[in-house]
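Everything on this sheet refers to the single structure shown next.
The values are calculated or read from the model by the stated rules, or taken from the named source; none is laboratory data. Keep in mind the model is a prediction, meaning the values are calculated, not measured. Glycine gets a Cβ as well: all are built from the backbone with ideal geometry, and neighbour counts include every protein chain shown. Heads up: the accessible areas ignore ligands, DNA and RNA and are worked out on the full protein's heavy atoms, side chains in. Shrake-Rupley method; radii C 1.70, N 1.55, O 1.52, S 1.80 Å.
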Amino acid sequence: MPESFPPGFLWGAATSAYQIEGAVREDGRTPSIWDTFSHTPGKTAGGETGDVAVDHYHRYRDDVALMAELGLTAYRFSVSWPRVQPTGRGPAVQRGLDFYRRLVDELLDKGIKPALTLYHWDLPQELEDAGGWPERETAYRFAEYAHIMGEALGDRVEQWITLNEPWCSAFLGYGSGVHAPGRTDPLSTLRAAHHLNLAHGLGTKALRAAMPARNTVAVSLNSSVVRPLSPSPEDLDAVRRIDNLANGIFHGPMLHGAYPQDLFTDTVRLTDWSYVQDGDLSTIHQPLDALGLNYYTPTVVSASPAVPGVRRLDGHGASDHSPWPCADDVAFHQLPGERTEMGWSVDATGLYDLITRYTRDRPGLPIHITENGAAYDDKPGADGTVHDPDRIRYLQAHLDAVHRAVQDGADVRGYYLWSLLDNFEWSYGYSKRFGAVYVDYETQVRTPKSSAYWYAGLARTGELPQAPTA
Ligand code: PNW
């Protein structure tokens, strides 16, 4: 029996500005921290950058036409902040806004529901030069930018997302340094996390003030599903600590108006959290219309004494600096079994656990899976077609987990496959292909992979077919 999804369930795909647009010097855009970082030798695989990416800035019409052919009913994209506000402050650049207006109009014309992410990691470089996310001022600048976008597109975009994966911005950007701006300072990591939370709260308020009340505001968290390597009390305590640093540090203030108490005690040797000012927690604790969850793989941890000079596998990229402040003694593991090209284990039970956790934690808050997908080593065959059976199996298993969660009472409203197109995979450059659509980076020709056709069938019928037999 095929599994039916609720009527009106959104079948989407997701992308982000720096990963697909290219055209980094056009129409008044200035560098973001990702331009600076990717142009710094040694920061990305092969020194690759988003200068051209998949040229979506010039090909957006064709890309929307492709989405329509595939029958997608929703599309999640992000706005490049430095296209709209090149210095991160002051009035908007009309040509920058016009691009997004044209993109949105094209989507609406094809009956595809836009979901707009304000911040998918491309901070205007000038704001980083002024201190970046560790500084409070950046949160106020974000609120101003949110207000500009809400006024400009609030009449036509209904679904808004403030931040994408603030964990990555803070912990990979300022902790391990594998993401822009590439700093490696544990205190800056926690300061950045708080100011990202504040940006979410101030940004949500700014959006509400600028837009019609019918629009929805959400945030996309890459909440980790943290599991113990063994049931020992030490490993369970490692789970507690990493769960706070990965999840509670964001959903605590955003969904409940408080940081987890034990986060303070766990980090006491590093910080007194005095940058959390009176009133911040109620500012961050804004009513939300939905929660966006991004899921790829579970996180397995154990307590283990630090071995000087030995880098533990953590699945978050290569760095001598741990992204996790005050958790140097926690080890990260990949379980045996199937892995994707990222080296991430394939385990769909994590997605079920994630959805049901937030359903218990915040009953009644609608959930959107704003990212889920996998990188595989896709190559066109002799006839030019691209077969990616591994990706179909990955998507099948994860959508089955979403379906089970819905059967068990979760209110999941939509699913956005990461990603529509092969694209710039951050520090991995173009070496990891997440797309349902293959991109030839020489010619920019797009070829839907078999998974794209498979997904199109799902979007058309709302029914998940049985797993194909081998
Ligand atoms: C997410 N980690 O990134 C992003 O939202 C996308 O832009 C990205 O392309 C996609 O997932 C695939 O990587 C992540 O180290 C990057 O835990 C790193 C981690 C998680 C998510």
(message) How large a share of the accessible area of segment 3-464, in percent, is made up of carbon and sulfur atoms when the probe is 1.4 Å and the other protein chains stay in place?
(response) 52 percent
(request) Using all C-alpha to C-alpha distances in segment 370-428, build P(r) with 10 Å bins and read off the rounded percent in each one. (result) 18, 43, 27, 11, 1
(message) Please report the accessible area of residue 18 (heavy atoms, 1.4 Å probe, ligands and nucleic acids excluded) in Å², nearest 10.
(response) 10 Å²
(request) Stick to the Cα atoms of segment 208-353, pair each with every other, and give me the Kirkwood hydrodynamic radius in Å at one decimal. (result) 17.3 Å
(request) Select from the chain the helices, each a whole stretch of DSSP H, whose alpha-carbon atoms run 20 Å or more along the helix axis and whose Kyte-Doolittle mean is at least -1.0; answer none if there are none. (result) 94-109, 137-153, 186-210, 389-407
(request) Please state the charge dipole magnitude for the chain, taken about the Cα centre, from unit charges on C-beta atoms (+1 on K and R, -1 on D and E), reported in debye and rounded to the nearest 20. (result) 620 debye
(request) Hey, can you find the accessible area per residue of the chain for me, probe 1.4 Å, expressed in square angstrom? (result) 37 Å²
(request) Take the Cα radius of gyration of segment 3-464 and divide it by 2.2 N^0.38 Å, with N its residue count; two decimals is plenty. (result) 0.91
(request) Report the far tail of the P(r) of segment 1-140, meaning the percent of Cα-Cα pairs longer than 21 Å. (result) 48 percent
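Output the direction-averaged projected area (hull surface divided by four) of the convex hull of the alpha-carbon atoms of segment 373-470, in nm².
Working: hull surface 30.2 nm².
Its Cα hull, projected and averaged over all orientations, spans 7.5 nm².
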(request) Name the residue farthest towards the positive end of the dipole of segment 3-464 from the options 80, 94, 438, assuming +1 on Cβ of Lys and Arg, -1 on Cβ of Asp and Glu, about the Cα centre. (result) 94
(request) Quick one: which residues, 5+ away or cross-chain, put their amide H under 5 Å from the amide H of residue 417? H built at 1.01 Å from N. (result) 12, 13, 14
(request) Determine ³J(HN,Hα), in whole Hz, for all residues of segment 318-329 in sequence, where each value follows from phi through the Karplus function 6.51 cos²θ - 1.76 cosθ + 1.60 and θ = phi - 60°; x replaces Gly and Pro. (result) 8, 7, 7, 9, 6, x, 9, x, 6, 9, 4, 8
(request) At most 12 other Cβ atoms within 10 Å and a DSSP loop assignment: could you name the trypsin sites (Lys or Arg not before Pro) in segment 1-87 that fit? (result) 25
(message) I'd like the Karplus ³J(HN,Hα) series for segment 120-125: coefficients 6.51, -1.76, 1.60, θ = phi - 60°, whole numbers in Hz, and an x wherever there's a Gly or Pro.
(response) 10, 5, 9, 5, x, 4
(request) Would you list, by chain and number, the lysines whose Cα falls below 21 Å from the Cα of residue 379, excluding same-chain residues fewer than 8 positions away? (result) 432, 449
(message) For segment 204-264, which trypsin sites (Lys or Arg not before Pro) pass both filters: DSSP loop (anything but H, G, I, E, B) and at most 14 other C-beta atoms within 10 Å?
(response) 214
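Over the chain, what is the relative contact order in whole percent, taking alpha-carbon pairs under 8 Å and six or more residues apart?
Once divided by the residue count of the chain, the mean separation gives 18 percent.
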(message) I want to check the label-to-label distance for residue 318 and residue 262. Put each point 7 Å from Cα in the C-beta direction and report it in nm to one decimal.
(response) 3.5 nm
(request) Pick out, from 332, 263, 231, the residue whose Cα sits farthest towards the positive end of the charge dipole of the chain, with +1 on the Cβ of Lys and Arg and -1 on the Cβ of Asp and Glu. (result) 263
(request) Select from segment 348-450 those GluC sites (Glu not before Pro) which occupy a DSSP coil region and have at most 16 other Cβ atoms within 10 Å, ordered by residue number. (result) 442
(request) Would you work out which of 424, 398, 358 lies farthest towards the positive end of the dipole of segment 358-463, given +1 charges on the beta-carbon of Lys and Arg and -1 on that of Asp and Glu, about the Cα centre? (result) 358
(request) Please give the FRET efficiency for residue 335 paired with residue 209, using the beta carbon to beta carbon distance and R0 = 60 Å, rounded to the nearest 0.05. (result) 0.80
